[in-house]
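Undergrad: What follows is a structure written as structure tokens; I'll ask about it next.
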Amino acid sequence: MKKLTLFLSTALLAVAIGGPVRTQEPAPDKIVAVAEVVAYNLDPTSLVNLTSTYNNDVVLVRVNRSLSGDVKVKYLIVRYEHWTDESPLPREFCEPKSQWKLELRRDSGCDSSMTELLSKERNPGLVLIPGPSLNEAREHQTEVLPCYVLRPKGLTPYRETH
């Protein structure tokens, strides 16, 4: 009976989010990757200069290249954490096709499916960046995306050197 209940619970979850859930291999604890932003939801308090306020901006990125750590997925959820007196996300970070080197630390507590992340009902402030990366991301609706934390010192523009 327990196996049937577990199967039915999994089936109902799959129907609720629009299909079977594909799970990934365990994600590495720390990675360095070159990525571009596909969607973002900036914390409204990061726009107001209040003292001692902690901000969390949520960003969906497409990994274009892994520099360290074994990144097995194309898309990651990135939570940019910063205090008000630290650097907010640079405006250029959210520009289409802008490439950034990200030093990330794993936080499985904010893993989410692509369906949940791109849902305007769950993320009303979500801004989608039109283009091929967003179109491709929508093909991964049922995947559970690993979440990583990014701090201000872990964000630098990426320029390929030949």
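Undergrad: Are there GluC sites (Glu not before Pro) in the range 76-162 that DSSP marks as loop and that have at most 10 other Cβ atoms within 10 Å, and which are they? Kindly include the intermediate steps, with their values, before the conclusion.
TA: Numbers: sites: E81, E86, E92, E103, E116, E121, E136, E139, E143, E160; in loops: E86, E121, E160.
Counting only loop positions with at most 10 other Cβ atoms within 10 Å, the GluC sites (Glu not before Pro) in the range 76-162 are E121, E160.
Undergrad: If you don't mind, there's one more thing I want to ask. Amide H to amide H under 5 Å from N64: which residues, 5+ apart in sequence or cross-chain, H placed 1.01 Å off N in plane?
TA: V34, A35, E36
Undergrad: Report the per residue volume, in Å³, of the convex hull enclosing the C-alpha atoms of the range 22-157.
TA: Values: hull volume 13.8 nm³, N = 136.
So the per-residue Cα hull volume is 102 Å³.
Undergrad: Taking H as built 1.01 Å from N, whose amide H comes closer than 5 Å to the amide H of L145, not counting residues under 5 places away?
TA: Counting only residues 5 or more places away or on other chains, the set is S112, S113, M114.
Undergrad: While we're on this one: Counting only C-alpha contacts under 8 Å and six or more residues apart, can you give the relative contact order of the range 32-162 as a whole percent?
TA: Dividing the mean separation by the residue count of the range 32-162 yields 33 percent.
Undergrad: Report the local net charge at S133: Lys and Arg +1, Asp and Glu -1, summed over other residues whose C-beta lies under 12 Å from its C-beta.
TA: Result for the neighbourhood of S133: +1.
Undergrad: Would you kindly state how much longer the chain becomes between W83 and R105 on full extension, computed as 0.36 nm times their sequence separation minus their alpha carbon distance, in nm to one decimal?
TA: Computed gain between W83 and R105 is 6.2 nm.
Undergrad: Let me ask something else. Which whole-Hz ³J(HN,Hα) couplings does the range 99-114 yield from phi under the Karplus relation 6.51 cos²θ - 1.76 cosθ + 1.60, θ = phi - 60°, glycine and proline marked x?
TA: Along the range 99-114, the couplings run 9, 9, 8, 10, 9, 10, 10, 5, 9, 5, x, 10, 4, 7, 7, 4 Hz.
Undergrad: Go through the range 52-136 and name the trypsin sites (Lys or Arg not before Pro) that are in a DSSP coil and have 14 or fewer other Cβ atoms within 10 Å of their Cβ.
TA: Counting only loop positions with at most 14 other Cβ atoms within 10 Å, the trypsin sites (Lys or Arg not before Pro) in the range 52-136 are K72, K97, K120, R122.
Undergrad: Further question: List the aspartates and glutamates whose alpha-carbon lies under 12 Å from that of K97, not counting same-chain residues fewer than 8 positions away?
TA: E36
Undergrad: Need one number: nm distance between label points at S68 and E116, each 7 Å from Cα along Cα→Cβ, rounded to one decimal.
TA: Between S68 and E116, the simple spin-label model gives 3.0 nm.
Each value in this text was obtained by applying a stated rule to the coordinates, not by laboratory testing. Model, not experiment: these values are computed from the prediction. Heads up, the Cβs are rebuilt from the backbone with ideal geometry, glycines too, and the neighbour counts pull from every protein chain shown.
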